[in-house]
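Readers should treat all values here as calculations from the given coordinates under stated rules, not as data from a laboratory. Quantities reported herein were computed from a predicted structural model and do not represent experimental measurements. For neighbour counting, all protein chains shown are included, and Cβ atoms are generated from backbone atoms with ideal geometry for every residue, glycine included.
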Amino acid sequence: MSETLWAQVARDLTAGIASGRYPVGSLLPTELDLCEHYGASRHTVRTAIRQLQDQGLISRRKKAGTRVEAAVPTSGYRQSLASLEDLIQFGAAHIREVQDTAEVTADAALAAELGCQQGTRWFRISSLRLDGKPGGAPIGWTDVYIDPIYADLGDVVRASPDLLITTLIEQRYGRRSAEIRQDVDAVALPAARAAALQAEAETPALRIVRHYVDEKGKTFEISSTLHPAGRFTVSQRMRRMTENGHG
């Protein structure tokens with residue numbers, strides 16, 4: 001799989017930070033300057049910047065610029081999920097490599113994992129999530145379960161590794177995610193996924209199950225992602241509500 005432009009930009013910026021071209025404490029060039037330098041779109045540059053931010057290399061503050069915080073990446077990745085747009089950005093920064101597709105019927109165990117009714121029919125798309133760096137261990141394994149009427153998305157998903165499946169469903173069929181319900185729990189890494197994730201079976205892992213709900217309140221997609229310990233962090237911000245009910 002060829003390296004995407006955002007990954008090339010991220011790799012070059014990371015090398016620049018490591019070499020001292022962008023010393024710790026300094027500011028990176030503006031998005032506009034980076035777009036011009038790399039001949040890239042603003043979306044591409046923002047995706048690359050988010051990659052560096054996820055690795056703890058930089059911080060971004062409104063009107064203060066993008067500051068270099070560390071010369072080497074911290075371990076793992078941190079996702080701040082506050083909106084669907086944040087999740088879409090995650091999809092762009094962590095490439096999907098499809099491993100398998102199949103039509104399945106939820107047995108008791110799968111129904112319990114997904115929070116759906118036993119006997120529900122799904123089209124499953126199984127993928128590794130990669131960070132775009134050659135030789136790096138996958139950050140996770142994702143099984144996405146979609147309504148079987150969207151089964152022809154299999155080939156489209158393979159051809160669009162940086163787009164969320166929910167985005168592809170919206171683009172192709174006009175069905176929009178109005179809400180995402182997310183559950184996170186700690187599990188033992190199943191032996192069936194250990195080799196692909198380059199991790200030991202039965203070691204700690206993070207499981208994230210997301211329900212994609214349309215505007216009528218119906219779930220049309222469920223994803224279940226496994227992250228071996230130390231490779232991914234979910235972070236959220238919570239603000240105290242004021243007396244008038246606002247943050």
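Observations on the structure shown:
- Potential lengthening of the chain between Ala111 and Leu5 amounts to 34.3 nm, from the contour at 0.36 nm per residue minus the alpha-carbon distance.
- Sequence-distant aspartates and glutamates (8 or more away, or on other chains) whose Cα lies within less than 16 Å of Lys63: Glu31, Asp33
- Distances between placed amide hydrogens fall under 5 Å for Ser26 paired with Val68, all partners being 5 or more residues away or on another chain.
- Backbone geometry of the stretch 174-184 corresponds, through the Karplus equation with coefficients 6.51, -1.76 and 1.60 at θ = phi - 60°, to 3J(HN,Hα) couplings of x, 8, 10, 7, 8, 8, 10, 9, 10, 10, 10 Hz, x marking Gly and Pro.
- The calculated FRET efficiency for Ala71 paired with Gln182, based on their beta-carbon distance and R0 = 35 Å, is about 0.60.
- Taking a ≥ b ≥ c as the square roots of the eigenvalues of the alpha carbon gyration tensor, the stretch 150-225 is oblate, as a/c is not under 1.5 and a/b does not beat b/c.
- Applying 1/(1 + (r/R0)^6) with r as the Cβ-Cβ distance of Glu202 and Ala151 and R0 = 41 angstrom yields a FRET efficiency of 0.80.
- Phi angles of the stretch 205-213 translate, via the Karplus equation with coefficients 6.51, -1.76, 1.60 and θ = phi - 60°, into HN-Hα couplings of 8, 9, 10, 10, 10, 10, 9, 9, 10 Hz per residue; Gly and Pro are given as x.
- Extension gain from Glu215 to Tyr173, taking 0.36 nm per residue of separation minus the Cα-Cα distance: 13.7 nm
- Translational diffusion of the stretch 109-151, µm² s⁻¹ [Kirkwood Rh, Cα pairs; Stokes-Einstein; 10 °C; 1.306 mPa s]: 130 µm²/s
- Evaluating 6.51 cos²θ - 1.76 cosθ + 1.60 at θ = phi - 60° for every residue in the stretch 214-220, the Karplus couplings come out as 7, 5, 8, x, 9, 7, 10 Hz, glycine and proline recorded as x.
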